[in-house]
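The values are calculated or read from the model by the stated rules, or taken from the named source; none is laboratory data. Small disclaimer: the values here were computed from a predicted structure and weren't measured. Cβ: placed from backbone, ideal geometry, glycine included. Neighbour counts: every protein chain shown. Heads up: the accessible areas ignore ligands, DNA and RNA and are worked out on the full protein's heavy atoms, side chains in. Shrake-Rupley method; radii C 1.70, N 1.55, O 1.52, S 1.80 Å.
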Amino acid sequence: MDAFTRLIYTAMSMRIKSIEQYNHQSLQLQERQLKRVLRCLQATEYGRRYNAHTVKNAEDYAKALPIVSYDNIASYTERMLTGERNLLVKGGCDRFAVSSGTSAGRSKRLPVNALHLQACHFKGASDTLWLYLSTRPDSRFFATKGLTLGGSQKPVSLMENISQGDLSSILIEKMPSLGNMIRVPSKQTLLMEEWDAKMEQIIREVAYARVGSISGVPSWMLHLIKGVLEYTGKESLSDVWPDLEVFFHGGISFLPYQEEYRRLIPSPKMQYRETYNASEGFFGIQNDPSDTSLLLMLDYGIYYEFVPLSELDKEHPSAVPLEGVKVGTTYALVISTLGGLYRYMLGDTISFTSTHPYKIKIVGRTASYINAFGEELMVFNADAALSKVAQEFGVTVRDYTAAPLFLNEEGKGRHDWVIEFEEAPQDVEAFALRLHELLRLENSDYDAKSYNNMTLLPLKIYIAPSGTFNAYLASEGKLGGQHKVPRLKNDRTLIDRLLDIIKP
């Protein structure tokens, strides 16, 4: 074993011992994270607003600060984007992660200061590797290259020393030297502006490289894999990259894609490891190849709280700390970070599969949504686009719902919509195409996944005869009152029921 390898495995061994403390020091670790967060908070305008200097413990913290969403802090981030300091973080912030999903605008802009970047995002990336290697003594990871794929472009400069971009572009730009040593393609290629040209260049750079690991969103990576196979003329990725041993994936559910991956990568040594890394922070890692749940990472400068679903509709929902959670109960995740988020409701719902150690699975979102391909389509996006297209076509929509359809052979998918009109448009295909265009304008992630039909194909509309939605509600015993059909669902259980009603 050479000196470099010995150094790497020494670092890995030390870190694994620290992570093992999660088993018996989880609550103490969370207390330390809260203290770290409070030191940052107390130096900010936001902290002064809520008298953070009086907060001594978790109980004080929950009483002093409200649970918030992005809309509640948007005024602070907008000021930070102009260079104002000490608002949500101590000092200033030079990088902001752009993420869709707000009710007030096209995208969220979340501060990613240097402290949070190192203590959370990069620590999560290294821990993902250490936890993988600790269960993989046969790994040849450092003898091969790691293929990283993000939908990123070069961050956009807003003013001197302040820029914004998606999280992957920030991570690429700031990546430590070790990551740059083993990564393909090049940083310059990953940050290319035009997606078609970038994909072609990535394929040329990686097709004949000695790739041992791949990292990215399952839908985008599947598109790249099929491009590599076409470029090389091979039928199996194992024939292209015989050393390939692991796919680190996240962002969307892997379940709809797993069979296609197994078909294209038949190697028995191949493993799949999920990570939970959002623009707001890095939260979980799959540490056991036989268990798809994620180890909740407890020492990343993140203090966790959990809101039971029964509390979500309340004006001031109550949250429980880590020691109060129960296995099998669904919670909305609330985080406080070194990156300027305090009692921030992320929008994700999780369920605990274990409390020794604390392990979770991602259940869904706190609101109706579709995120089958990384598009993060929200109800307000759908409402706005549908209202505009209905006005343009001079029609009135009675009710609607939408859900994803996976086309595994193509490695793509689309959204299916069931719409009940007062009177349907004469040209339904033109209506559907225009709705697709307007959704791209409303939502930056939907737009990115739809670019040149890369991952998300144009949507399809099914016309529901008058009374269809009421017939469904009646069949469920929910007709009348305030009952209504969800606008968006991330699975097809509802839409398939409606289609059964529609079909003769």
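Only residues that are assigned to a loop (DSSP other than H, G, I, E, B) and within 17 Å of the chain's Cα centre (by Cα) were counted across the stretch 146-173, and they come to 5.
Taken together, the residues in the stretch 22-50 that are in contact with a Pro (Cβ under 6 Å, 6 or more places away or on another chain) and surrounded by fewer than 16 Cβ atoms within 10 Å (Cβ to Cβ) amount to 1.
Kindly establish whether E376 is closer than 26 Å to V334 by Cβ, assigned by the TED database to the domain that holds D496, open to solvent by 40 Å² or more (accessible area, probe 1.4 Å) and touching a residue at least 12 places away in the same chain (Cβ under 8 Å). Yes, satisfied. Right, I19: among the aliphatic types (A, V, I, L, M), under 28 Å from the mean Cα position of the chain (by Cα) and surrounded by 15 or more Cβ atoms within 10 Å (Cβ to Cβ) or not? When the stated conditions are applied, I19 passes them.
Counting only helices (runs of 4 or more DSSP H) wholly contained in the stretch 22-80, the ones carrying 1 or more residues that are within 22 Å of P308 (Cα to Cα) and not polar (S, T, N, Q) occupy 22-41, 58-64, 70-80. If you go through the stretch 1-21 and pick out every residue that is part of a helix (DSSP H, G or I) and under 20 Å from F283 (Cα atoms), you end up with 7.
The one condition from (1) farther than 23 Å from A97 by Cα; (2) part of a loop (DSSP other than H, G, I, E, B) that G212 does not meet is (2). A143 fulfils the conditions (1) open to solvent by less than 40 Å² (accessible area, probe 1.4 Å); (2) hydrophobic (A, V, I, L, M, F, W, C); (3) over 24 Å from the mean Cα position of the chain (by Cα) except for a single criterion, (1). Suppose the filter is assigned by the TED database to the domain that holds S336, of a type in the set (A, V, I, L, M, F, W, C), open to solvent by 10 Å² or more (accessible area, probe 1.4 Å) and in contact (Cβ under 8 Å) with a residue 40 or more places away in the chain; does L322 pass it? No: the conditions fail for L322. For the stretch 385-405, give me the residue count where each residue is open to solvent by 20 Å² or more (accessible area, probe 1.4 Å) and touching a Leu at 6+ places or on another chain (Cβ under 8 Å). The qualifying residues number 2.
A single member of L110, L115 is touching a residue at least 40 places away in the same chain (Cβ under 8 Å) and either in a loop (DSSP other than H, G, I, E, B) or surrounded by 21 or more Cβ atoms within 10 Å (Cβ to Cβ) (or both), and it is L110. Among the residues that make up the stretch 171-188, is at least one of them within 20 Å of D447 (Cβ to Cβ) and open to solvent by 50 Å² or more (accessible area, probe 1.4 Å)? No, because not a single residue in the stretch 171-188 is within 20 Å of D447 (Cβ to Cβ) and open to solvent by 50 Å² or more (accessible area, probe 1.4 Å). Taken over the stretch 198-216, the criterion of being open to solvent by 40 Å² or more (accessible area, probe 1.4 Å) and either among the aliphatic types (A, V, I, L, M) or within 16 Å of K145 (Cα to Cα) (or both) is satisfied by R204, E205, Y208, R210.
Between L494, L435, L441, L499, the distinction of being part of a helix (DSSP H, G or I), touching a residue at least 40 places away in the same chain (Cβ under 8 Å) and open to solvent by 80 Å² or more (accessible area, probe 1.4 Å) belongs to L441 only.
Take the residues of the stretch 81-105 that are in a loop (DSSP other than H, G, I, E, B) and charged (D, E, K, R): which is modelled with the lowest pLDDT? Looking at the filtered set, the residue picked out is D94. Which ones in the stretch 420-432 are outside any helix (DSSP H, G or I) and open to solvent by less than 40 Å² (accessible area, probe 1.4 Å)? Selection gives E420, F421, P425. Could you tell me whether F306 is modelled with pLDDT of 95 or more, closer than 24 Å to S26 by Cβ, surrounded by 21 or more Cβ atoms within 10 Å (Cβ to Cβ) and within 21 Å of the chain's Cα centre (by Cα)? Considered against the rule, which asks whether it is modelled with pLDDT of 95 or more, closer than 24 Å to S26 by Cβ, surrounded by 21 or more Cβ atoms within 10 Å (Cβ to Cβ) and within 21 Å of the chain's Cα centre (by Cα), F306 comes out as yes. W417 meets each of the listed conditions (1) within 25 Å of the chain's Cα centre (by Cα); (2) surrounded by fewer than 21 Cβ atoms within 10 Å (Cβ to Cβ); (3) aromatic (F, W, Y) apart from (2).
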